[in-house]
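Engineer: Encoded as structure tokens, here's the structure I'll be asking about.
Values quoted throughout were computed directly from the atomic coordinates according to the rules given, and no laboratory measurement underlies them. All figures in this text were calculated on a predicted structure; none of them were measured in a lab. Because the Cβ atoms are built from the backbone with ideal geometry, glycine has one as well, and the counts that use them run over all protein chains shown.
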Amino acid sequence: MNEPILSLRGLTKHYKDGPTALEAVDLDIRRGEIFALLGPNGAGKTTLIGAVCGLVRPSGGTITAFGQDLAKQWRDARRRIGLVPQEMATDMFTKVIDTVRFSRGLFGLAPDAAKIETILRNLSLWDKRDSQIRHLSGGMKRRVLIAKALAHEPELLFLDEPTAGVDVELRRDMWRQIGELRDAGTTIILTTHYIEEAEEMADRVGVIDNGKLLLVEEKRALMARMGSVTAEIMLAQPLTALPAALAGKQVALKDEGRLLVFTGDGGTDAAREGVADLIRTLVAQNIVFTGIDQHQSSLEDIFVRLVENA
């Protein structure tokens, strides 16, 4: 197995006279993946990112990036890490191209006009390169943050709420751009309040709450294991009671017997088989139905359940 690009062991952050922001977090990030870190406000997501990026001093534990201990070799490792923060922290009167050039030079890289142009074009910022940041829309300002983070060509990129405050169309455009970054070899860790964002893009997801990492799993495996399926079956003739043949099949009668509702837990694969088995039973019992409305749980449904039960 390849060595992880980032490894956290026992990462802890206690604030004096305050809460525990991180509690003994163990986490490995694989090279080339998109990893989504999900959690409610105050869960510890931004603190974890800050600890890796040198903005927060951990109370305990170790951080290893690119095989280097960040406590001892932070300068070289930090040069290989990019961060897109939640908040804009740059001079609003600066031109777009100047702030991106400055970010590249900040990490000691030689000027590269072609690289800067490529980054700005890929983010649809080239036409705005001579505009002052204060004149840009909120979505364009978010793109400038990403351009600044990419200017020094990081191998590991943190995106802290990258699409907060942007409209749906721009959000989907940025999803595409993030996917292209991964395809080009950048490892990406993102936090997001838009859980459909993680469902759309992530290879793996982690759920954190109250500073504790509750779960880390492949997205598809998690949804197959913890997902559920609900099916509403419209009956041609109402039933006054459930037939004996339907006993134990996770069904209930509603709407005065005109609607048969199946709720299957234990993973989406098992739940889908439960729906198929129910349909076979209805056909065998000569129970006529006129339609089926089926709903599969989303990653957000699973996330809410995990946090509520934590």
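Engineer: Which residue, ALA21, ALA231, ALA149, has the most motion in a Gaussian network model of the chain that connects Cα atoms within less than 10 Å?
Structural biologist: The residue with the greatest mean-square fluctuation here is ALA231.
Engineer: While we're looking at this one, here's another question. Give the calculated FRET efficiency between GLU256 and ASP277 to the nearest 0.05, with a Förster radius of 25 Å applied to their Cβ-Cβ distance.
Structural biologist: 0.50
Engineer: Same structure, new question: Within straight cross-link reach of LYS254, meaning Cα distance under 19 Å, which aspartates and glutamates are found once same-chain residues fewer than 8 apart are removed?
Structural biologist: In chain and number order, the partners are GLU232, ASP293.
Engineer: Here is a further query. So who's got an amide H within less than 5 Å of the one on LEU190, skipping anything under 5 residues away but keeping other chains? H placed 1.01 Å off N, in plane.
Structural biologist: Hits under the 5 Å cutoff: PHE35, ALA36, LEU37, LEU159.
Engineer: Scan segment 15-82 for trypsin sites (Lys or Arg not before Pro) in coil per DSSP, keeping those whose Cβ has at most 12 other Cβ atoms within 10 Å, and list them by number.
Structural biologist: Here the sparse-neighbourhood loop sites are LYS16, LYS72.
Engineer: For a label point 7 angstrom out from the Cα of ALA270 toward its Cβ, which stretches of segment 210-238 have the backbone nitrogen within less than 13 Å?
Structural biologist: Only 224-229 pass the distance filter.
Engineer: Please give the length that would be gained between ALA89 and GLU3 if that part of the chain were fully extended, namely 0.36 nm times their separation in residues minus their C-alpha to C-alpha distance (nm, one decimal).
Structural biologist: 27.6 nm
Engineer: Run the dipole for the chain about the Cα centre, Lys and Arg Cβ at +1, Asp and Glu Cβ at -1, nothing else charged, and hand back the magnitude in debye, nearest 20.
Structural biologist: Rounded to the nearest 20 debye, it is 1020 debye.
Engineer: Mind pulling the per residue volume of the convex hull built on the Cα atoms of the chain? Å³ is fine.
Structural biologist: 178 Å³
Engineer: Among all stretches of the chain without exposed GluC sites (Glu not before Pro) (DSSP loop, at most 13 other Cβ atoms within 10 Å), which one is longest?
Structural biologist: Free of exposed loop sites, the longest segment is 88-255.
Engineer: Still on this structure: Along segment 123-139, what does the Karplus equation 6.51 cos²θ - 1.76 cosθ + 1.60 (θ = phi - 60°) give for ³J(HN,Hα), rounded to whole Hz, x for Gly and Pro?
Structural biologist: Taking θ as phi minus 60°, the curve returns 9, 6, 10, 4, 5, 9, 4, 9, 7, 6, 4, 4, 8, 8, 6, x, x Hz for segment 123-139.
Engineer: Using amide H atoms built in the peptide plane, which far-off residues or other-chain residues are under 5 Å from PHE289 H to H?
Structural biologist: Correct list: ALA236.
Engineer: OK, next. Calculate one ³J(HN,Hα) per residue across segment 98-108 by plugging θ = phi - 60° into the Karplus curve 6.51 cos²θ - 1.76 cosθ + 1.60, and present them in order as whole Hz with x for glycine and proline.
Structural biologist: My calculation for segment 98-108 gives 5, 5, 6, 4, 4, 4, 5, x, 4, 9, x Hz in order.
Engineer: Add -39500 (n - 2.57) for each DSSP H run of 4 or more in the chain, then divide by its residues: what number comes out at 222 nm, to the nearest 500 deg cm²/dmol?
Structural biologist: The helix-only estimate for the chain comes to -10500 deg cm²/dmol at 222 nm.
Engineer: Sort out for me the Cα centre separation of segment 164-201 from segment 45-118, rounded to whole Å.
Structural biologist: So the two Cα centres are separated by 19 Å.
Engineer: Just going by the charge dipole of segment 150-245, with Lys and Arg at +1 and Asp and Glu at -1 on Cβ, which of PRO162, ALA241, ILE178 is farthest out on the positive end?
Structural biologist: ALA241
Engineer: By counting other Cβ atoms within 10 Å of each Cβ, how are PHE303, PHE102 ranked from fewest to most?
Structural biologist: By the 10 Å Cβ count, ascending: PHE102, PHE303.
Engineer: Give a residue-ordered list of calculated ³J(HN,Hα) values for segment 191-208 (Karplus: 6.51 cos²θ - 1.76 cosθ + 1.60, θ = phi - 60°; whole Hz; x for Gly, Pro).
Structural biologist: With the stated coefficients, segment 191-208 comes to 10, 7, 8, 8, 5, 5, 5, 5, 5, 6, 10, 6, 7, 10, 10, x, 10, 10 Hz.
Engineer: What angle do you read, to the nearest 10 degrees and between 0 and 90, between the alpha-carbon axis of helix 168-183 and the longest principal axis of the chain?
Structural biologist: With rounding to tens, the tilt is 70 degrees.
Engineer: Using only the Cα atoms of segment 227-309, construct the convex hull and provide its projected area averaged over every direction, in square nanometres to one decimal.
Structural biologist: Averaged projected area of segment 227-309's Cα convex hull equals 5.8 nm².
Engineer: Moving to a separate point now. For segment 6-223, what is the percent of antiparallel DSSP beta bridges, rounded to the nearest 5?
Structural biologist: Roughly 55 percent of the DSSP beta bridges within segment 6-223 come out antiparallel.
Engineer: Next question. Give me the one-decimal nm value for the distance between modelled label points at GLU153 and ALA284, 7 Å along each residue's Cα-to-Cβ direction.
Structural biologist: Output for this residue pair reads 6.5 nm.
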